[in-house]
Amino acid sequence: MTRTIRRLLVGLALLSLPTLVTAGDLVLIAHPSVKATSVPRSQAARFFLRQATTWPDGEHVKPVDQVRTTSVRQDFTRVVLKRTLAEVESFWTQAIFSGRAVPPPQKKNDDEVLAYVRDTPGAIGYVDASASLDGVKKLTLEED
């Protein structure tokens, strides 16, 4: 096989690989009153799974999810929660059945999440990195 053909085959193989999503593809946002400027990934996961309910300053955390059909929800679930959507749904089914917790409210898109976070003290959400962040605070998602 010639070197040119090998390079072409390697290039095609690389193009066929699924794109890896990073935290750079989504933005963690909070209500402007939230004092935190960054959140470790594991802490963000605990907020959204309702395993932690207060910000470091004691303010109540109010997470908001996007509906499961949005690509940013799928990315968030994989990158931040480190789970599949099916695993998260199973987690919530068990939590609801046992009376431990209920899932965060779900919004249809970035605009609805932005409106909820902007209007809800203590709120935390996530949107696509291309969304306008007017009226909300961008949080740095720290890898831990």
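Throughout, read-outs are computed from the coordinates displayed, never taken from laboratory work. Here the structure is a predicted model, which means the values were calculated and not measured. We place every Cβ from the backbone using ideal geometry, glycine too, and count neighbours over all the protein chains shown.
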Where Thr69 falls short, out of the listed (1) surrounded by 13 or more Cβ atoms within 10 Å (Cβ to Cβ); (2) of a type in the set (Val, Ile, Thr); (3) more than 18 Å from Ala45 (Cα to Cα): (1)
Filtered residue count, the range 36-58, keeping only those that are assigned to a helix (DSSP H, G or I), touching a Lys or Arg at 6+ places or on another chain (Cβ under 9 Å) and without any contact (Cβ under 8 Å) to a residue 40 or more places away in the chain: 1
Residue list for the range 89-104, restricted to those being touching a residue at least 12 places away in the same chain (Cβ under 8 Å) and of a type in the set (Val, Ile, Thr): Val102
Val113 under 17 Å from the mean Cα position of the chain (by Cα), of a type in the set (A, V, I, L, M) and outside any strand (DSSP E or B): yes
Qualifying residue in the range 119-126 (condition: touching a strand residue (DSSP E or B) at 6+ places or on another chain (Cβ under 6 Å), assigned to a loop (DSSP other than H, G, I, E, B) and on the phi > 0 side of the Ramachandran plot): yes
Odd one out for Val61 among (1) in contact with a strand residue (DSSP E or B) (Cβ under 9 Å, 6 or more places away or on another chain); (2) in contact (Cβ under 8 Å) with a residue 60 or more places away in the chain; (3) surrounded by fewer than 17 Cβ atoms within 10 Å (Cβ to Cβ): (3)
Subset of the range 100-144 (residues that are surrounded by 13 or more Cβ atoms within 10 Å (Cβ to Cβ), out of contact with any Ser or Thr (no Cβ under 8 Å at 6 or more places or on another chain) and small (Gly, Ala, Ser)): Ala101, Ala115, Ala123, Gly125, Ala129, Ala131, Gly135
Test: residue in the range 84-99 that is in a loop (DSSP other than H, G, I, E, B), among the hydrophobic types (A, V, I, L, M, F, W, C) and surrounded by fewer than 19 Cβ atoms within 10 Å (Cβ to Cβ): no
Residue in the range 127-137 that is within 12 Å of Leu28 (Cβ to Cβ), in contact with a His (Cβ under 8 Å, 6 or more places away or on another chain) and of a type in the set (Gly, Ala, Ser) present: no
